[in-house]
1. Output the pairs from K123/K211; K40/K190; K124/K252; K486/K605; K43/K213; K367/K559 with a Cα-Cα distance over 29 Å in this structure; if there are none, say none.
2. Quick check: net charge around Q591, other residues with Cβ under 12 Å of its Cβ, Lys/Arg +1 and Asp/Glu -1?
3. Per-residue counts of other Cβ atoms within 10 Å, averaged by peptide: what ranking do you get for 485-496, 132-143, highest first?
4. What length, rounded to one decimal in nm, is gained on full extension from Q197 through to I214, with 0.36 nm per residue of separation minus their alpha-carbon distance?
5. What value in Å³ per residue do you get for the convex hull of the alpha-carbon atoms in the range 152-296?
6. In the neighborhood of I57, defined by Cβ-to-Cβ distances under 11 Å, what is the net charge if each Lys or Arg adds +1 and each Asp or Glu adds -1?
7. Grab every C-alpha pair in the range 475-531, bin the distances at 5 angstrom width from 0 up to the longest one, and report whole percents.
8. Within the set K297/K328; K470/K494; K178/K244, which residue pairs have Cα atoms separated by over 18 Å?
Amino acid sequence: MTLQVKALLIFILTLSGALILFNHIFQSILLESYEQLDQKNVKHSLEIVRKAIQKEIDIIAKVNSDWAYWDDAYEFVQNSSPEFVQSNLSEVTYANLRLTVVGVFDLERNPIYLQGYDIYLDKKIPVSDTLRRLLIETDKLHSHPHIDSYTAGLLGTSEGALIITSYPILDSEQEKPKRGSLFFGRLIDKGEIKLLQESLNIPLYGHNLLKTKIPFASKEKIETRSIDKSTMSGIIKIPDIEGKDCLAMEAKVDRQVYIQGLSTMKYLELWISGISILFAVVALLILRLFILNRIDKLVKTAQIIQADSDSYFSVSEEGNDEITTLAKSINDMLVRLKDSRQELERSHFKEKKVAQQIFQMNANLEKCVTERTKQLLEAKTAAEEATRSKSQFLANMSHELRTPLNAIIGYSEILIEEAPDITDTKKIIPDAQKICEAGQHLLALINDILDISKIEAGKMDLYIEKFPIKELVQEAIDLVRPLASKNKNTLEWKSQEIPDTMSSDQTKLRQILFNLLSNACKFTEKGQISLSITFCESEKKFCFQVSDTGIGMSLEQRKNLFKSFHQGDPSTSRRYGGTGLGLAISKSFCQILGGEIVVRSSLGKGSTFTLRLPQETIVSPL
């Protein structure tokens with residue numbers, strides 16, 4: 001930033017401070033007075049609103065007194081004549097008087113007649129239970145100790161403030177004892193406020209204080225606040241007949257005095273700003289003529305020296321003042337700087353070379369440490385996961401192996417004990433069958449272990465042959481049907497138009513389908529299991545889809561679903577059994593056969609396994 005700019009900024013900041021000070025003084029003295037005038041104007045408008053509401057109360061009270069001191073009304077309390085209602089309390093009467101409720105009560109506060117009216121629909125409506133109970137329980141509406149006493153004012157209700165008047169029902173001569181009370185009421189709703197707004201030409205808003213709490217900063221009944229520079233708002237609280245605030249009327253008035261004051265201040269600030277800018281320009285010209293021009297020459301010479309540092313320049317030493325002294329000091333400094341620069345360049349070259357070597361060594365070291373740390377963490381995680389999986393597998397496998405072995409040993413001991421006494425060999429057939437089934441189960445477990453070992457060793461052989469696809473599917477269905485019946489499941493399969501034959505390893509395909517279907521049967525009870533087969537002509541692939549309505553799986557369970565020695569969680573293994581190898585073997589077989597297997601599942605909503613295999617399998621190593 002040049003000295004010229006700095007000098008200009010100093011003038012601008014000084015003038016700005018003066019303007020801010022002037023504006024603060026103006027606002028403190030004049031604008032505060034303007035705001036007080038606007039507040040007085042708002043309070044005056046709210047007083048007009050309060051008087052207008054009181055005028056409406058007085059008008060309704062006057063009509064109420066005429067009806068209350070009327071012989072026909074006096075007789076109506078006694079005989080409840082329908083003719084009186086038809087003749088005097090029709091919709092026209094309600095509309096002309098703008099009444100929303102009329103009530104006639106006897107001395108026991110029993111309603112002889114209590115009717116509401118909707119001014120906008122022009123029809124009578126029932127009085128709500130809340131308003132009925134309020135009219136009955138408000139003592140001041142029924143208490144008339146002498147013939148001239150009456151009640152007129154507001155009554156707070158859940159629907160809004162209600163203009164209410166109550167007079168004792170007397171004969172026209174006011175000589176007979178009173179027979180009850182006559183109520184006239186008008187609800188102050190949006191329509192009533194709109195009429196009041198149009199008659200007073202004041203923007204008004206009503207607030208029901210039974211529903212909306214409006215905090216006041218003081219104990220005054222009227223409070224004002226500025227909404228913005230052009231509008232001021234005021235609120236007046238109007239009490240009900242019991243002295244409790246029930247209605248708040250809000251008026252919004254244009255701040256004409258305040259706006260005029262702001263306009264005046266704006267023009268005055270512009271005038272002072274213009275004078276100040278002119279003064280700043282003249283002062284800056286004088287400063288430039290005597291000081292800044294010499295400093296500019298000094299700066300230009302310094303810029304030349306900076307641009308061509310290899311050459312030697314000197315600064316002009318004109319005059320006999322502080323600037324001249326500065327020029328001499330700069331010349332001395334340039335001489336010493338030239339000598340120092342040469343020495344610095346020599347040492348800098350050496351330091352730069354050493355720094356590059358150190359930086360390269362640090363970078364290589366950090367890279368090696370990072371890579372080694374990552375490898376150690378991955379190896380640690382893999383080892384921990386393998387340990388957990390193997391431990392869980394050994395626990396499951398020991399249980400699975402003990403079960404058929406215990407069955408073989410148990411039934412064999414039974415046969416040994418009973419063999420001398422058996423004359424009919426047919427009796428030993430069930431026990432022999434159970435021994436056979438347990439042996440087959442044990443053989444299947446051992447086959448699974450051998451299969452996963454061959455897969456991990458990469459020594460799994462394929463026997464590709466052409467075979468009827470539907471016959472193979474039916475064989476798998478027949479094998480798994482007893483498992484479905486055991487859990488009371490429904491098992492069905494269907495296919496679209498598909499080729500009759502498939503070229504693949506039918507033993508491994510049968511085992512994949514059996515694993516998927518047996519898992520569906522195992523984890524489904526009293527549900528439905530289906531197998532559907534389709535063929536994609538463009539990809540030349542079969543699609544086998546196994547769906548069930550069983551327990552389903554969470555996202556966390558699906559992540560480890562196809563890993564060896566893994567099941568959904570330990571509770572699944574304890575309840576349903578198994579080694580956790582079936583799906584891992586199925587996925588490996590599927591990959592060997594050139595296909596893929598995916599799963600969709602939601603916890604508690606069943607699962608769907610989709611197996612895609614090519615129609616012609618090409619042998620490839622695992």
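1. K124/K252; K367/K559
2. +2
3. In decreasing order of mean packing, 485-496, 132-143 become 132-143, 485-496.
4. 4.0 nm
5. Once divided by residue count, the hull of the range 152-296 is 208 Å³.
6. Local charge sum for I57: +3.
7. 4, 19, 27, 22, 15, 9, 5, 0
8. Long pairs (Cα-Cα over 18 Å): K178/K244.
The values are calculated or read from the model by the stated rules, or taken from the named source; none is laboratory data. From a predicted model like this one, the values you see are computed outputs, not experimental measurements. Glycine also receives a Cβ, built like all others from the backbone with ideal geometry; neighbour counts cover every protein chain displayed. Accessible surface is based on the protein model in full, side chains and every heavy atom, while ligands, DNA and RNA are left aside. Shrake-Rupley method; radii C 1.70, N 1.55, O 1.52, S 1.80 Å.
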